[in-house]
Structures are given as C-alpha cells and as structure tokens.
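Worksheet for the structure shown next.
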Amino acid sequence: MAEQKIALVTGGAQGIGLACGQALAADGYRVMLADVQDSVLDAGQSIGGRGFVCDVADAAALMALFDQIEAEEGPIAALVNNAGIAKPGDFLSYSLEDFDAVIALNLRSVFAATQRAANGMIKAGIKGAIVNMSSINAVLAIPAIPAYCASKGGVAQLTKAASLALASHGIRVNAVGPGTIDTDMAAGVNANPEAMARVMSRTPMGRMGHAQEIGDVVAFLCSSKSSYVTGETIYVDG
C-alpha cells in the first residue's frame, strides 16, 4: 500500500477549513490542520490527522510548522491556504492597523506558505497541488471590507503568478472563490434580514452555500481529476 499523502489546511479548526480537511481525508490524504484556536487539536484528530496551534501570519511560526510536519509526518503534497479574516469597518475611518492585519494573514501568509510548500515539494520530487481560498470579493467589492477585498483580489493574481512559476515542476496552483457560505463569518448576514435579502438578490440559487460544498471543490483541485487545471479561480457562489 502506498504511503498516505500529507495535506496541510490552514484555518482548519472550523467552517470551510475543517470542511476542506474532511473532504481531503475522505479522498485518502492524511490531513494536518493549523489554526490559532486550540480546538484545532481535536479537529485534527476527528479526521484522522493532526492539529497544530499556529498563527500563520507569523512567518517564523509558519516556517516552523512546515519544518515540524516534514520532520514528523513527511513532505506535504497538498496545501490549502484557507486562514483568513475580514475586519469590517467604515472606509473613511478604516485603520491602517486593521488593513495590515488582514493583508498579513490573507495575502502575505499565502505567499509565504506557497513558496515554502513548493520548495518542499520540489525537494521531495512531489507533483503537488496548492489551493488558495479567494472569494467572490476578489471581483465583487463591498465598501465595508476594503482590506478583505484587496487581499482576495491579490490572492487571485498571486495564484496565477505562482501557477506560472511552478508549472514546470508539476505543481498546480488554483484558487476557490466562495460566495456567501453558512459559517461563523456569515453570522452577521444570517442575523440581518435586510443583509440576507441583499445577498440573495445576487444569488440565483436563492440560498447560502454549505462549507462542504467548498471542501468538495478544494478536494477536486487537490486530486488527479483536475490534473490539467492550474492558475484558475473557481467561484462557488450559487
């Protein structure tokens, strides 16, 4: 029997990240989940893998995480850069501190993790897959989340740049752009009938998505079924 391939999902304690971990585990990966929340430890065990408490926006901590996983589990064959925050606020008074925090996690850490994972794959001779979590807000702007919109637009372009840089190594890089998904991040929409009506007015299928529906597309992009797909953002937005 072939050794289980290792996958790493950031922001994996709950919601979309955990759903990605579950889908990858169902596809036969041994999944490592990383998150700032302690609950990631139990989440990792629940899918037959491991959880690691790590702030991936901290570059040193992120590199140490990769080193630990490679030393204890083996080389990473699939990376899902899912960790992200939104920090909504009024555009005219939006703080640079909040802007920097969103960019650091949503964009800078995606670059750092992609670069580190790719180097590990190349060293191990793995033709791996990297999936970045973008958003419909890469193309659909909302004034109250300027940093989030900017970060996700950046993720879309970073995905393309990385896919070009890594194609010759057999490493595919794609992104998934969720619409409104029924997770904690959408709690504000759920609680506000006006906001929900606004979101549903631009959602032809007339409902929120489920985290599993994102996880399934991520698993597809980490599988041989998508072997000729790279540099794409697949919008899963109903």
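The values are calculated or read from the model by the stated rules, or taken from the named source; none is laboratory data. Given the structure is predicted, the values throughout are model-derived calculations rather than measurements. Every residue, glycine among them, receives a Cβ derived from its backbone with ideal geometry; neighbour counts consider all protein chains shown. Heavy atoms of the whole protein, side chains included, go into the accessibility calculation; ligands, DNA and RNA do not. Shrake-Rupley method; radii C 1.70, N 1.55, O 1.52, S 1.80 Å.
If you scan the range 23-37, which residues turn out to be open to solvent by 10 Å² or more (accessible area, probe 1.4 Å), touching a strand residue (DSSP E or B) at 6+ places or on another chain (Cβ under 8 Å) and not basic (Lys, Arg)?
Ala25, Tyr29, Asp35, Val36, Gln37
Being aliphatic (A, V, I, L, M), under 16 Å from the mean Cα position of the chain (by Cα) and open to solvent by less than 20 Å² (accessible area, probe 1.4 Å) is the requirement here; does Ile234 meet it?
Numbers: aliphatic (A, V, I, L, M): yes; under 16 Å from the mean Cα position of the chain (by Cα): yes; open to solvent by less than 20 Å² (accessible area, probe 1.4 Å): no.
So Ile234 fails the test.
Mind checking whether some residue in the range 203-210 is farther than 19 Å from Val139 by Cα, surrounded by 15 or more Cβ atoms within 10 Å (Cβ to Cβ) and among the aliphatic types (A, V, I, L, M)?
Within the range 203-210, none of the residues are farther than 19 Å from Val139 by Cα, surrounded by 15 or more Cβ atoms within 10 Å (Cβ to Cβ) and among the aliphatic types (A, V, I, L, M).
Here are some conditions: (1) surrounded by 22 or more Cβ atoms within 10 Å (Cβ to Cβ); (2) part of a helix (DSSP H, G or I); (3) not acidic (Asp, Glu). Val176 meets all but one. Which one does it not meet?
(2)
Regarding the range 116-131, can at least one residue be identified that is open to solvent by less than 10 Å² (accessible area, probe 1.4 Å), in a helix (DSSP H, G or I), farther than 22 Å from Thr183 by Cβ and not small (Gly, Ala, Ser)?
Yes, the conditions are met somewhere in the range 116-131.
Quick one: is Phe99 touching a Pro at 6+ places or on another chain (Cβ under 6 Å) and either closer than 30 Å to Ser224 by Cβ or modelled with pLDDT of 95 or more (or both)?
no
Given the structure, is Arg50 more than 19 Å from Leu221 (Cβ to Cβ) and of a type in the set (Lys, Arg)? Talk me through it step by step, then tell me what you get.
On the way: more than 19 Å from Leu221 (Cβ to Cβ): yes; of a type in the set (Lys, Arg): yes.
Yes, satisfied.
Enumerate the pairs (first residue in the range 183-196 and within 19 Å of Ile85 (Cα to Cα); second residue anywhere and among the basic types (Lys, Arg) and surrounded by 10 or more Cβ atoms within 10 Å (Cβ to Cβ)) with beta-carbon separation below 9 Å, excluding pairs fewer than 6 apart on the same chain, so at least 6 apart or on different chains.
Cβ pairs passing all conditions: Val189/Arg198.
Can we say Asn106 is open to solvent by 20 Å² or more (accessible area, probe 1.4 Å), on the phi < 0 side of the Ramachandran plot and among the polar types (S, T, N, Q)?
No, not satisfied.
For the range 132-155, which positions are outside any helix (DSSP H, G or I), open to solvent by less than 20 Å² (accessible area, probe 1.4 Å) and touching a helix residue (DSSP H, G or I) at 6+ places or on another chain (Cβ under 6 Å)?
Correct list: Asn132, Ser134, Ser135.
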